[in-house]
Structure formats: structure tokens, C-alpha cells
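Shown next, in C-alpha cells, is the structure this report addresses.
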Amino acid sequence: MKKSHIVLILLMGLVQTGWALGQRSQLGSLQQYFFPPELVMRNQQELELTKEQRDYIVNEIQQAQSEFTAMRWDVQNEAQRLKRLLEKRDLDETELLAQFDTVLDLERNIKRTQLIVGVRIRSVLNDEQLKKLEQLKARAGERVRRNRRPGTETP
């Protein structure tokens, strides 16, 4: 079997079977330290956010949303380029791996931005607000688990 065929099979396997999902599950454990911005905004009165906290969080979310939009477009564009390279009969391993790295770098930047926003939101909240958010997050998780249909659980 040609070396380029092996590379193609490996790359397709990594992409299609969700190698990135494996990384997400490793990074998923970090989610326990952060709160979805929607949870904070939905409960801002219960959390007794100050005007300054609210304005800061809104500003962070607005900036991140504009960055996410551009980054998602870039990821889609580069992923399409990768797909076109994979569709070729004769694969250039160096070019293919460089394009794969480009896609992974863009995805890493999205995750990095998400992490930064989470850190900034968390840093502006006081201990009491953080404790309240932990409770709200736990309740939301319970509702999700209760509403899940049998046989649809995810590992």
C-alpha cells in the first residue's frame, strides 16, 4: 500500500471518527470551572450583578461573538480546502499535513477564545455569585438528564 494511501486513511479516520471529539472530552472536564454566558445572563437578577459586571460581561460576549463568526468562516474555508486535497487521486503528504495543521490551528484558536471568555466572566464575579452559579448549573444539568429519552445518553 502506498504511503499516501496510508496517510489518507489515517487522516480520514481521525477526522471522520472524531479524533477532535476525543480531545473535546479531555477538555470537557475543564467546563466544570466555567459557566455558560447564557446562564449568567439568564440569571443576572438572581446573581445580583452590578451594572459594571453586566456591562463587562456583555462587552466580552459581544467581542467574542464577532471573533467566533470570523473564525468559523475560516475553519469552514480551510476544512473545504482539506477535503479537496483528500479527494485528489495522488496525494501530496506534505501539503495535506500542512492543511490539516491549518484547520487544527484555527480550531485551537476558537477553543482558546472560549477559554479566555470563560476566565474573564468568572474573574468579574464574586464568591457568592460563583457559588450561586454552581447551584444553577447543577440544577440545569439535572433537568437535562431528567429530560433525556432512554437510549439517547452520551458517554
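Here, each number is a calculation from the coordinates, and none is a lab measurement. Because the structure is a prediction, the values reported are computed rather than measured.
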Query - Taking the convex hull of Cα positions in the stretch 58-135, its mean projected area over all directions (nm²) - result: 6.7 nm²
Report summary line: Once phi for every residue in the stretch 78-83 is put through the Karplus expression 6.51 cos²θ - 1.76 cosθ + 1.60 (θ = phi - 60°), the whole-Hz ³J(HN,Hα) values, with Gly and Pro written as x, are 5, 5, 5, 4, 4, 4
